[in-house]
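The values are calculated or read from the model by the stated rules, or taken from the named source; none is laboratory data. The structure presented is a predicted model; accordingly, all values stated were derived computationally and were not measured. We place every Cβ from the backbone using ideal geometry, glycine too, and count neighbours over all the protein chains shown. Ligands, DNA and RNA are excluded from the accessible area calculation, which covers all protein heavy atoms including side chains. Shrake-Rupley method; radii C 1.70, N 1.55, O 1.52, S 1.80 Å.
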Amino acid sequence: MSTEPPSGPGQQPPDDDPFRKHPPPGGPGAPGPGSPYDTPGGPQGADGGRHEGGPQGGGPYGGTPGPADPLSGMPPLADSARRTLARIVDMLLVGIVVWLLTWPFGVSEYNVDGDRINVGNGFGQSVIAAVLYTAYDTFMTARSGQTLGKKWLGMRVADLADGSNPSVQTALTRAAVLWLPFAFCCACVWTAISGGWSFFDRPYKQGLHDKAAKTVVVSTR
């Protein structure tokens with residue numbers, strides 16, 4: 001395996017990268033037929049248990065036949081409560097920027113005029129929010145797998161298939177599923193549903209946006 005540093009998002013990190021997905025100890029030199037480091041009856045996965053719950057067919061989303069344990073060799077999955085706290089931090093950071101950009105123009109979600117509530121110009125704020133939230137999440141995730149909230153709380157986004165940083169396309173898909181409904185219709189309700197899904201999802205603790213992009217969130221501590 002080449003030890004040259006990756007040239008961009010989605011590339012495998014170098015061998016000495018502490019976040020790189022490594023083959024389980026004691027495994028054979030050649031990758032198994034399922035996930036890159038799987039072997040039949042392989043060792044325990046990264047969250048402390050043996051991962052045999054993925055759908056049959058090679059990986060959690062199908063593929064080459066073989067045992068499916070994408071978490072083998074990855075760091076432990078991040079705690080869902082910490083993920084929620086990191087998301088709140090990101091929402092506040094970008095929300096402040098959205099407010100600063102829209103406040104001078106008198107754009108707000110709701111304007112009260114006498115006994116009437118006007119929501120017409122709230123669309124402009126929604127567009128700005130959608131663009132900023134999606135761009136922020138996409139850029140940060142594709143660059144390092146970490147938004148500021150995730151970095152401060154010690155976690156990162158990884159491709160479920162091989163543990164690498166998500167590509168720009170994957171990061172964009174993930175961000176769009178999370179933030180577009182948030183900006184235009186469902187606000188915190190959608191964020192709670194999409195992100196809160198990870199509290200109940202097994203075995204990968206994925207939110208709905210993770211499922212759409214085929215990613216997981218792992219600990220860096």
For residue 163, are the conditions met, namely being in contact with an Asp or Glu (Cβ under 8 Å, 6 or more places away or on another chain) and of a type in the set (Gly, Ala, Ser)? no
Would you be able to say whether some residue in region 164-171 is in a helix (DSSP H, G or I), open to solvent by 40 Å² or more (accessible area, probe 1.4 Å) and touching a residue at least 12 places away in the same chain (Cβ under 8 Å)? yes
If I filter region 150-163 down to residues being within 12 Å of the chain's Cα centre (by Cα) and not charged (D, E, K, R), which single residue comes out as surrounded by the fewest Cβ atoms within 10 Å (Cβ to Cβ)? 160
The one condition in (1) hydroxyl-bearing (Ser, Thr, Tyr); (2) out of contact with any Lys or Arg (no Cβ under 6 Å at 6 or more places or on another chain); (3) touching a residue at least 60 places away in the same chain (Cβ under 8 Å); (4) closer than 17 Å to residue 90 by Cβ that residue 204 fails to fulfil: (4)
Residue under question is residue 161, and the condition is that it be over 18 Å from residue 139 (Cα atoms), among the small types (Gly, Ala, Ser) and not in a helix (DSSP H, G or I); does it hold? yes
Filter region 140-187 for residues that are in contact with a Ser or Thr (Cβ under 9 Å, 6 or more places away or on another chain) and aromatic (Phe, Trp, Tyr) and give the result. 179, 182, 184
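Return yes or no: is residue 143 open to solvent by less than 40 Å² (accessible area, probe 1.4 Å), among the basic types (Lys, Arg) and modelled with pLDDT of 95 or more?
Considered against the rule, which asks whether it is open to solvent by less than 40 Å² (accessible area, probe 1.4 Å), among the basic types (Lys, Arg) and modelled with pLDDT of 95 or more, residue 143 comes out as no.
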Working only within region 180-207, note down all residues that are modelled with pLDDT of 90 or more, part of a helix (DSSP H, G or I) and buried (at least 19 other Cβ atoms within 10 Å of the Cβ). 198
